[in-house]
Amino acid sequence: MSERKTRERMEFFTDVPQPVPFAGAAGATDSPGELRYRIYDPDRAVGNKTMAEHLRIAVCYWHSFNWPGSDIFGVGTFDRPWLQPAVDPMEAATIKQDAAFEFFAKLGTPFYCFHDVDMAPEGDTLAESKANLDEMVDRAAKKMSETGVELLWGTANLFTHPRYAAGAATNPDPDVFTHAAAQVRHMLDATHRLGGHNYVLWGGREGYETLLNTRLGQEADQLARFLELVAEHKRNIGFDGLLLLEPKPQEPTKHQYDYDSATVHGFLDRYDLLGEYFVNIEVNHATLSGHSFHHEVAYAIDNGIFGSVDANRGDPQNGWDTDQFPNSVDDLVPAMYEIVRSGGFGSGGFNFDTKLRRQSMDRTDLFHGHIGGIDTLAKALLVADELLNNGTLEAARDRRYAGWRGSQGAKIMDRSTTLASLADDAVAADLDPAPVSGRQEALENHINQMIWSAT
Ligand code: XLS
Ligand code: NI
Ligand code: NI
C-alpha cells in the first residue's frame with residue numbers, strides 16, 4: 001500500500017504534447033503523423049453553444065486501457081505494461097489510471113466513462129471488490145479535480161465473469177441477480193460520488209442462446225424488476241443523472257432483449273418505466289440491428305427516450321461489433337442533424353466506445369484514432385448546424401405534412417370522426433388524391449452540397 005502511494009508518476013505518452021493543439025485548416029497539409037485537430041476547436045461557437053458543449057466527448061477506459069489488442073485467434077499486441085500478469089493488480093490499476101488521465105488531459109476532451117472492473121480489480125469476495133473500487137474511485141476523484149475531466153457515465157460489468165454466462169438480471173438463479181444488484185449498487189454509488197452525469201446498463205448477457213431452455217416472460221419480468229430496483233436506488237441516493245439502457249441486438253448473446261430503441265421503448269412502456277430510463281445509442285449496435293444510426297436516433301428523439309451516444313461504428317462487411325473510430329461525415333450528418341434540431345444533448349454526450357485495430361500498436365495510435373473521430377464529429381456538427389440554419393429540410397417536411405394542419409387532418413385526429421363517416425366523406429367528395437414527390441434525391445443532393453461547402 002505505502003509503496004503504491006509513494007510510486008513516482010511516470011509519463012506514458014511521451015511523444016504527445018499537452019494538449020494536442022488545434023491547427024485548423026493550416027493543419028490539413030501536415031503529414032499523417034502530426035497529432036493535431038483540424039476541425040475540433042473546443043471553444044468555437046456553433047449556434048448558441050461551443051463545439052465542446054455540443055459534442056461532450058468522452059473516452060472509454062475499457063477498450064483504450066484495459067484491452068490488450070487480443071482477438072479470438074491471437075493474444076494482445078498493444079503496449080500496455082499494466083496488463084502484464086506479473087504486476088500486482090492494485091499497482092497495475094494505479095499505473096493504468098495515471099496513463100488514462102494523462103491521455104484524457106493530452107487529448108483535451110472533457111469526459112470519460114468506465115466499468116467498475118476497468119478501474120479496480122475484482123477481489124476474492126464482493127466486499128474486497130468494493131474496497132478496491134472505493135480506493136481507486138477516491139484516487140480518480142483527485143485526478144478529476146487536477147485535470148478538470150468529468151465522468152460522463154459509470155457502469156458495472158455484468159458480462160465478463162462466468163457467473164453471468166446465463167445473464168445477470170435475467171439469470172435463472174436469483175443469487176446471480178442478487179450479485180448483480182450488489183455490483184450495480186456499488187458502482188451507482190461510486191458514479192454518484194464522482195459527480196457522474198449518467199449511469200449506463202448494457203445487457204450483453206440479458207438474452208438467450210436457445211429458446212429450448214428459456215422462459216421469455218419470466219426473464220422479462222426479472223429484468224423489469226431489476227430496472228425498478230436501480231431506479232429506486234437512484235432516487236434514494238439523490239443521483240440526478242440519467243439512467244441509460246444501451247440497445248444491442250446480439251453479440252455476445254445470440255439474442256439480446258434490448259434489441260433496438262423501439263424494443264427498449266416498448267419494454268419500458270409495458271413495465272411502466274418510461275421517464276425512468278433513456279437510451280444510449282451506439283452507432284455500431286444500430287447497424288447490427290438492421291437500422292441506420294439515423295433511424296435509431298430519430299426514433300429515440302421522437303419518442304422521448306434519447307439520452308446519449310456511443311460513437312463507434314461497424315464495418316459494413318463484418319457482422320459484428322468492430323467498434324471502429326467514426327470516420328465518415330456523410331454517415332453521421334443525418335443523425336447529428338436530428339440531435340442538434342432537438343436541442344442537443346442534455347446530460348449525454350458522444351462516448352468513444354472505440355477499439356484500435358490489432359496492428360495499431362504504437363502508443364500514439366490511440367491519439368490518432370480519437371483525434372480523427374473527434375474531427376469527424378466536429379465536421380458533422382458544422383454541417384448539421386448549417387442544415388438547421390438554412391431550414392431546407394424542415395421546410396420540406398412542413399410542406400409534406402401541410403394537409404394535416406388543415407381541417408381534414410384536425411377532424412381525423414380530434415376523434416370526432418368514425419371510419420364510416422370518413423368513408424361517407426370520401427365518397428361524397430369523390431376523393432382522388434394525387435401522389436406527390438418525396439424529393440429524396442433533391443434532399444440528398446442538398447445535404448451533399450452542405451457537406452462540400454461547410455467550413
Ligand atoms: C458492447 C457495449 C459496451 C457498453 C458498456 O458492445 O457497447 O461497451 O457500451 O458496457
Ligand atoms: Ni458495443
Ligand atoms: Ni457501447
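The values are calculated or read from the model by the stated rules, or taken from the named source; none is laboratory data. Source: prediction; values computed, not measured. As a convention, Cβ positions derive from the backbone with ideal geometry for all residues, glycine included, and neighbour counts pool all protein chains shown. Quick note on the areas: whole protein, heavy atoms, side chains included, nothing else; ligands and nucleic acids left out. Shrake-Rupley method; radii C 1.70, N 1.55, O 1.52, S 1.80 Å.
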Q: Return the long-range amide H neighbours of Asn280 (sequence gap of 5 or more, or a different chain), with a cut-off of under 5 Å between placed amide H atoms.
A: Leu245, Glu246, Ser308
(Q) Within the chain, what whole-number % of the accessible surface is contributed by carbon and sulfur, with the 1.4 Å probe and all protein chains included in the calculation? (A) 52 percent
Q) Any idea how far apart Ala23 and Met413 come out in nm if each label point goes 7 Å out from Cα toward Cβ? A) 5.2 nm
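Under a Cβ-only charge scheme (Lys and Arg +1, Asp and Glu -1), can you give me the dipole magnitude of the stretch 316-403 about the Cα centre, in debye to the nearest 20? Display every interim value, and only then the final one.
Working: 9 positive and 13 negative charges, 20 e Å.
Computed about the Cα centre, the dipole is about 100 debye.
For the peptides 138-147, 104-113, 72-81, what is the packing order when you average, over each peptide's residues, the other Cβ atoms within 10 Å and list the highest mean first? Present the calculation step by step, with values, prior to reporting the outcome.
Numbers: 138-147: 14.9, 104-113: 23.0, 72-81: 12.4.
Those peptides, ordered most packed to least, come out 104-113, 138-147, 72-81.
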Q: List the residues of the stretch 93-128 whose backbone N lies under 14 Å from a point placed 7 Å from the Cα of Arg163 along the Cα-to-Cβ direction.
A: 117, 122-128
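Normalised by the residues of the stretch 114-193, what does the relative contact order come to in percent, with Cα pairs under 8 Å and at least six apart?
Working: 67 pairs, mean separation 24.1, N = 80.
Contact order relative to length: 30 percent.
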**Q.** Cleavage-rule hits, trypsin sites (Lys or Arg not before Pro), the stretch 207-303, DSSP coil, Cβ neighbours within 10 Å at most 16
**A.** Arg215, Lys254
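Could you work out how much longer the chain between Asp43 and Arg9 gets when fully extended? Use 0.36 nm per residue separation minus the Cα distance between them, nm to one decimal. Please report the intermediate quantities before stating the final value.
Values: separation 34, 0.36 × 34 = 12.24 nm, distance 3.03 nm.
Here the answer is 9.2 nm.
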Q | Cβ-derived FRET efficiency at R0 45 Å, Asp88 paired with Arg397, nearest 0.05 | A | 0.15
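Using the Kyte-Doolittle scale, find the helices of the chain whose mean hydropathy is at least 0.0 and whose Cα atoms extend 18 Å or more along the helix's long axis, counting only whole DSSP H runs. Each step should come with its number before you reach the end.
Working: long enough: 89-107 (26 Å, 0.18); 126-147 (31 Å, -0.76); 174-193 (28 Å, -0.40); 216-237 (32 Å, -0.40); 365-390 (38 Å, 0.42); 440-453 (20 Å, -0.67).
The answer, listed by residue number, is 89-107, 365-390.
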Q: Kindly write out, for the stretch 43-51 in residue order, the coupling ³J(HN,Hα) from the Karplus curve 6.51 cos²θ - 1.76 cosθ + 1.60 (θ = phi - 60°), rounded to whole Hz, with x marking Gly and Pro.
A: 8, 5, 7, 10, x, 9, 9, 7, 4
**Q.** Whole-number accessible area per residue in Å² for the chain, which is evaluated in the context of all protein chains at 1.4 Å
**A.** 48 Å²
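Rounded to the nearest 0.05, what FRET efficiency do Arg215 and Asn318 give with R0 = 30 Å and r taken as the Cβ-Cβ distance? Could you check?
Between Arg215 and Asn318 the formula returns 0.35.
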**Q.** Alpha-carbon centroid distance for the pair the stretch 403-446 / the stretch 276-346, whole angstrom
**A.** 32 Å
